[in-house]
1. Hey, can you tell me all the residues within the range 50-79 that are over 22 Å from residue 91 (Cα atoms), assigned to a loop (DSSP other than H, G, I, E, B) and under 16 Å from the mean Cα position of the chain (by Cα)?
2. Step by step: first the residues of the range 68-121, then only those that are among the basic types (Lys, Arg) and surrounded by 14 or more Cβ atoms within 10 Å (Cβ to Cβ), then the one that is farthest from residue 132 (Cα to Cα). Which residue is that?
3. Quick check on residue 38: is it at negative phi, in contact (Cβ under 8 Å) with a residue 24 or more places away in the chain and either of a type in the set (S, T, N, Q) or surrounded by 12 or more Cβ atoms within 10 Å (Cβ to Cβ) (or both)?
4. Of all residues in the range 135-152, count the ones that are surrounded by 16 or more Cβ atoms within 10 Å (Cβ to Cβ) and over 21 Å from residue 72 (Cβ atoms).
5. Among the residues of the range 60-111, write down those that are of a type in the set (S, T, N, Q) and without any contact (Cβ under 8 Å) to a residue 40 or more places away in the chain.
6. How do the pairs read when you match residues in the range 126-143 that are within 13 Å of residue 154 (Cα to Cα) with residues anywhere that are among the acidic types (Asp, Glu) and assigned to a loop (DSSP other than H, G, I, E, B), using Cβ under 6 Å and keeping only pairs 6 or more apart or on different chains?
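All of the numbers you see were taken from the coordinates with simple rules; none came from a lab. Values in this document were obtained by computation on a predicted structure and should not be read as measured data. We place every Cβ from the backbone using ideal geometry, glycine too, and count neighbours over all the protein chains shown.
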Amino acid sequence: MRYRRMASFAVGLALASTAVQASDVGKPAHDFKLTTLEGQTVRLADLKGKVVVVNRWATWCTPCKAEMVAFENYIRTHPDTDLKIYAVTVELSVPSSKLKPLQGVLHYPLATGISGSGYRIMAGVPTSYVIDRSGVLRYAAAGAFDLPAFEAFIDPLLAESAPDTRVASSKP
């Protein structure tokens, strides 16, 4: 039993060392690629001008479930925003077929994995990363948002202007 705890601790340290750190907040976000349950591939580069939340969660995690309800309530009450939420499960053993009923009631996509440098579990689940419209990491922490805290954090980010991504034309 003691060996298992030590092994779990060592695995946690290894994961934490490759994760985005809180010190990365305020810097350009690391690129990522994820695949939703519907098979859509999403990259951070595809989401320019959007506010992005990458949330790491687990089916057994009670705070994760409460946070999913907060995210869902926000999306339902703010349907026309530039907010993109991606809930990425940390459980490799849960088949996609078991997650499909949950996906059927959510207004944001579930994913079973994410690749890129970082976006791992920080100090436990849930762990969330919030990226602003300019691609800057604005939040990276473990712990669940409730709806008032999520609104207080996300609303100002959504109120910011999207960066101008047009290419300047050269005039003679």
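1. Answer for the range 50-79, where residues must be over 22 Å from residue 91 (Cα atoms), assigned to a loop (DSSP other than H, G, I, E, B) and under 16 Å from the mean Cα position of the chain (by Cα): just 50.
2. 120
3. Judged against the criteria, residue 38 is not a match.
4. Summing the residues that are surrounded by 16 or more Cβ atoms within 10 Å (Cβ to Cβ) and over 21 Å from residue 72 (Cβ atoms) in the range 135-152 gives 4.
5. 62, 77, 89, 93, 97
6. As it stands, the answer is 133/160; 138/132, since those pairs meet every condition given.
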